[in-house]
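Asks: Have a look at this one.
The values are calculated or read from the model by the stated rules, or taken from the named source; none is laboratory data. It should be emphasised that the depicted structure is a prediction, and the values quoted were computed from it without experimental measurement. Here the Cβ positions follow ideal geometry from the backbone for every residue, glycine too, while neighbour counts run over all protein chains shown. Ligands, DNA and RNA are excluded from the accessible area calculation, which covers all protein heavy atoms including side chains. Shrake-Rupley method; radii C 1.70, N 1.55, O 1.52, S 1.80 Å.
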Amino acid sequence: MASQPRPPPPPRPKTRGNYNCGRCGQPKKGHVCVAPVPVAASPSGAAPSPSPSTSSGAASASGEQRLRRALSFDEAGTPSSPEKKPKVEPDVEMDEAGGEGDQLGEGGEEEEEEGAVMEVGGRPVPREVMAEVLRRLGPRGVMAAAGVSRDWRDCAGRVWRAADELRLRVLAASGAGFLGALLPRCPALSRLQLRMESDVDATTLACLAVSCPSLKTLEITMAANAVNRMTGEDLSRFVSEKSSLSVLKIGGCSNLDFINLCSSSLSVIWLSDLCSLSKSVMNCPNMSELSLCFAQQSNDCTDMVTLMDGIGRTCPNLNKMHISSNQLSNEAVFALESANLRGLSMLSLILGSKITDAAVASIVRLCARLELLDLSGSSISDNGVGMICKAFPHTLSRLLLALCPNVTTRGIQLATAQLPHLQLMDCGMSLCANLNNDKEGPCFGEINGGIRIIRKLCTLKKQPVLQKLIIKHGNLKKLSLWGCSAIDALYVNCPQLNDLNLNSCTNLHPERLLLQCPNLKNVHAAGCQDMLIGAIRNQVLNEFAAAESSLPCKWLVDGSKRVQLPQFLQHQPLEDDKLFELSHTQCTMHLDITRAS
């Protein structure tokens, strides 16, 4: 660049390896620049034009080599050309490898070029493509990729900053330290799911509160060997600090001695493994879904009446409620009715053996449009089932009455007949063959000269142990009869049924089974007799259809015998019939021991 003739500058000492001032060109070490601040910098990011006091030699030197920032991590001694100018993202928070932040210099933030590329295997690859590849890895894979090079580290940082949801498995040796190192890299994180194999305590909650400022959904599940040590005070403090939290699901809450949650943003709360709560306060006016599962312990002293009354009065917008406790009783349901929760559409009160038909009458008065009702483990009878059918004939689509010993085949058939919108029916372990169901009386007997008291079955009022069940429904899609050993004959005519559970139906006779379900896709038959399994295969899989003759049959005039029609009278099957036969054979038999509800 041509310069105007100026007097020669005074000689200066050699400044090998030192930085020069970007304004006057003097050595930066021990230098206080008095030159005026330039009005505007060149768009290419080069050094500003020198002042009149700047020598021509300094000007030529600044033109040959671009001035780099003092905290640049580029390789020393390697000049950067304008075409390969390194870019730094303005919002980098933490280095992936060493935990240090990329900082900006005096020039301010620099916008990243849209066409920035990086070398992978000697070939240029766009950074956007590489970041999209890293998004498909797990968190540990992204952390490992960040240690390859600076370009990989920048792409990994972009992935962390854009992460909106994380699902992590925290090992026992990591603990809260792993979360404290990883979560600050995700400032936009709103949904977090943790599978904890290490213990959870107040430190873990404090780390989550500080590291995730925008957290909206938190789900913590505990492994078998992990312990949740958080107390009611720790949970209350965490909820009060997270004003944006809307969904909270925590397992293993056995150390919560009380619940005191006050939040206007919480809409969903799931707490499991609760035990002996001394106080329960949930002041959450916008909460729509609540699930409280108590541990099945005989020493549980939770006052369910006070709990239900408080929930009904402080959560007026509650829409879905699930309570699992052996302390549930009719009085708890009456307290819920007094709270006047008219908006309930899903109600689940399970394992309450003290719940009877009186509680069903209270539920009918409380709820106007129930879609799901789960009273598994209760003591309701067929009369209670009749009240349910009469109250919700147009809305109820899922009815679960598992482990209800007072419900018989009459109640089940009544439900399927009077609930036209029913799609799911669970009656597992309700129809059980109980050999001791009859009245017993004591008698005496002798064994080896000793006298002992023996229980003798009374012959009066004997009831048949085995029963027949007939279900015919047009919309039913899932039927569960697991453990119903009292059924010896079953007839199911459900065109829309796709899942049937017959696990442990030990007394079901193969010749008394008839399934007319063309859309059946899954049949669970674990623990059944081999002959019953073969009969199910014969009906749903058509395994023996090929062995039978394909000729149609007709009855003789006197009705004494069936004969086959001649070959020339047989019509060829249509293509639709062939497709129907192929689709009918797609049913899957499940013979494992897992129970499908």
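Asks: Just checking, how many residues over region 123-163 are β-branched (Val, Ile, Thr) and assigned to a helix (DSSP H, G or I)? Before the answer, list the steps.
Replies: Within region 123-163, the first condition is being β-branched (Val, Ile, Thr), and the residues that meet it are 125, 129, 133, 142, 148, 159.
Narrowing the set further to residues that are assigned to a helix (DSSP H, G or I) leaves 129, 133, 142, 159.
Total satisfying the criteria: 4.
Asks: I would also like to ask the following. Residues that are of a type in the set (Lys, Arg): which strands (runs of 3 or more DSSP E) entirely in region 267-319 hold 1 or more of them? It would help to see each step written out before you state the result.
Replies: Details: elements: 268-274, 279-283, 289-294.
Strands (runs of 3 or more DSSP E) meeting the threshold: 279-283.
Asks: Which residues, taken from region 382-414, are small (Gly, Ala, Ser), over 31 Å from the mean Cα position of the chain (by Cα) and surrounded by 18 or more Cβ atoms within 10 Å (Cβ to Cβ)? Show your work before the answer.
Replies: In the first step, residues of region 382-414 are kept if they are small (Gly, Ala, Ser); the result is 384, 386, 391, 397, 402, 411.
Narrowing the set further to residues that are over 31 Å from the mean Cα position of the chain (by Cα) leaves 384, 386, 391, 411.
Passing the criteria: 384, 391, 411.
Asks: I'd like to verify a number: residues in region 484-518 that are assigned to a loop (DSSP other than H, G, I, E, B) and over 28 Å from the mean Cα position of the chain (by Cα), how many?
Replies: Keep residues of region 484-518 that are assigned to a loop (DSSP other than H, G, I, E, B), which gives 484-486, 494-498, 502-509, 517-518.
Within this subset, residues satisfying the condition of being over 28 Å from the mean Cα position of the chain (by Cα) are 484-486, 494-495, 504-509, 517-518.
Here the count works out to 13.
Asks: Can you say whether residue 321 is under 21 Å from the mean Cα position of the chain (by Cα) and crowded, with 19+ Cβ neighbours inside 10 Å, as far as the supplied structure shows?
Replies: On the way: under 21 Å from the mean Cα position of the chain (by Cα): yes; crowded, with 19+ Cβ neighbours inside 10 Å: yes.
When the stated conditions are applied, residue 321 passes them.
Asks: If the Cβ limit is 8 Å and pairs must be 6+ apart or interchain, which residue in region 124-146 that is of a type in the set (Gly, Ala, Ser) pairs with which residue that is open to solvent by 30 Å² or more (accessible area, probe 1.4 Å)?
Replies: 131/158; 131/162; 145/137; 145/152; 146/97; 146/152; 146/153
Asks: Return yes or no: is residue 268 open to solvent by 10 Å² or more (accessible area, probe 1.4 Å), among the aliphatic types (A, V, I, L, M), in contact with a strand residue (DSSP E or B) (Cβ under 8 Å, 6 or more places away or on another chain) and closer than 18 Å to residue 164 by Cα?
Replies: no
Asks: So which residues in region 195-217 are surrounded by fewer than 21 Cβ atoms within 10 Å (Cβ to Cβ) and assigned to a strand (DSSP E or B)?
Replies: Residues satisfying the conditions are 195, 217.
Asks: Would you please list the contacts, defined by Cβ atoms under 6 Å and residues six or more apart or on different chains, that run from a residue in region 255-266 that is under 14 Å from residue 238 (Cα atoms) to a residue that is assigned to a strand (DSSP E or B) and open to solvent by less than 10 Å² (accessible area, probe 1.4 Å)?
Replies: From residues that are under 14 Å from residue 238 (Cα atoms), the pairs are 261/282.
Asks: Can you give me the number of residues within region 368-381 that are open to solvent by less than 40 Å² (accessible area, probe 1.4 Å) and touching a Leu at 6+ places or on another chain (Cβ under 8 Å)?
Replies: Result for region 368-381: 9.
Asks: Tell me the residue from 173, 181 that is in contact (Cβ under 8 Å) with a residue 60 or more places away in the chain and surrounded by fewer than 17 Cβ atoms within 10 Å (Cβ to Cβ), please. Don't jump to the end; show me each part of the working.
Replies: Details: 173 fails: in contact (Cβ under 8 Å) with a residue 60 or more places away in the chain.
Testing whether each residue is in contact (Cβ under 8 Å) with a residue 60 or more places away in the chain and surrounded by fewer than 17 Cβ atoms within 10 Å (Cβ to Cβ) leaves just 181.
Asks: Please list, ordered by first then second residue, the pairs with beta carbon atoms under 7 Å, 6 or more apart or interchain, first in region 194-217 and in contact (Cβ under 8 Å) with a residue 40 or more places away in the chain, second charged (D, E, K, R) and part of a loop (DSSP other than H, G, I, E, B).
Replies: 200/229
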